[in-house]
1. Give me the percent relative contact order of region 144-207, please, defined on Cα pairs under 8 angstrom at least 6 residues apart.
2. How would you order 26-32, 159-165 from highest to lowest mean count of nearby Cβ atoms within 10 Å?
3. What percent do you get for the relative contact order of the chain when only Cα pairs under 8 Å and 6+ apart count?
4. Relative to the longest principal axis of the chain, what angle (0 to 90°, nearest 10) does the C-alpha long axis of helix 134-161 take?
5. As I understand it, the value is the acute angle between the Cα axis of helix 183-215 and the longest principal axis of the Cα atoms of the chain; what does it come to in degrees, rounded to 10?
6. Quick one: helix 83-109 against the long Cα principal axis of the chain, what's the angle to the nearest 10°, folded into 0 to 90?
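Just so it is clear, none of the values below were taken in a lab; they were calculated from the coordinates. Remember, it's a predicted structure, so these values are computed and weren't measured experimentally. Cβ placement follows ideal geometry from the backbone for every residue including glycine, while neighbour counts extend to all protein chains displayed.
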Amino acid sequence: MDPVIDNLDLYAAGFLRSLGLAAWAALGALVLGTVLAVFRVSPVPVLRGVGATYVTLLRNTPLVIVLFFFVFGVPALGINASNYTLAVCGLIVYTASFVCEAVRSGISTVPTGQAEAARAIGLPFGLSLTQIILPQAMRAVVPPVGNVIIAMIKNSAVAGAMGVGGDLFSVYARLSSAQGLARLPVITGMAIGYLVLTLAAALLLAIAERRMAVAR
C-alpha cells in the first residue's frame with residue numbers, strides 16, 4: 001500500500017473532488033426528479049407525456065452515453081463549460097429519471113382520499129400536491145431515493161473516466177498510467193474513497209429514515 005500512503009494528498013484532493021461532484025449531482029437530481037414526478041401525476045396530458053417520455057428515454061440509455069454526450073457533444077454545439085460542470089449536468093439528467101420514479105411511487109402510497117378531500121375543500125392541484133400529498137409521500141420515498149443517490153455516487157466514477165480531472169478516478173489514472181505505479185494498490189485506494197462516500201450516504205439515509213419514522 002506504499003503507493004497509496006505516499007500519495008495521500010492526491011487521494012484526499014480526489015476524494016473532495018468526487019464528493020463535490022456527487023453532492024451537486026444529487027442535489028440537482030432531487031430537484032429535477034421531483035419536478036418530473038409532479039409532471040407524471042399532473043392532470044395536464046402534455047406534462048404527463050413530457051415526464052413519461054423523459055423517464056423512458058433516460059432510464060433506457062446507458063449512463064456512459066449520456067455522459068459522453070454532455071462532455072463531448074455539448075461543447076461541439078458551441079456551449080463552453082468545464083468537463084466537471086458538464087459531467088455534473090449529465091449525472092443530474094440521468095439520475096433524475098430514477099428519482100422521478102421513486103417519488104412517483106411514494107405519491108401513489110398516499111391514500112386517494114387525501115387528494116379527494118383536498119379537492120372537496122377547493123384546493124387546486126398545485127396546493128393539494130405541495131401541501132398535502134408530497135409531504136406524506138416524502139416519508140415513503142426516503143429509502144428508494146437514498147438508494148438511487150448511493151448508486152449515483154458509484155456511477156460518478158464513470159464521469160472520472162470522461163476526463164473530469166482531479167477526482168478519485170483521475171488519481172488512479174495518474175498514478176497507474178502516468179507514474180507507472182502498481183495498479184492493485186492504486187485502485188484499492190480509489191475503491192476505499194468511494195466506499196467512504198457510499199457508507200457516509202447510507203448513514204445519512206438511516207438518520208433520515210429514523211427522523212421520518214418519528215415524524216409519522
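1. Values: 33 pairs, mean separation 24.1, N = 64.
Contact order relative to length: 38 percent.
2. On the way: 26-32: 18.3, 159-165: 20.4.
Sorting 26-32, 159-165 by mean packing, highest first, produces 159-165, 26-32.
3. Details: 229 pairs, mean separation 63.5, N = 216.
Relative contact order comes out at 29 percent.
4. Approximately 20 degrees, to the nearest ten.
5. Approximately 20 degrees, to the nearest 10.
6. 30 degrees
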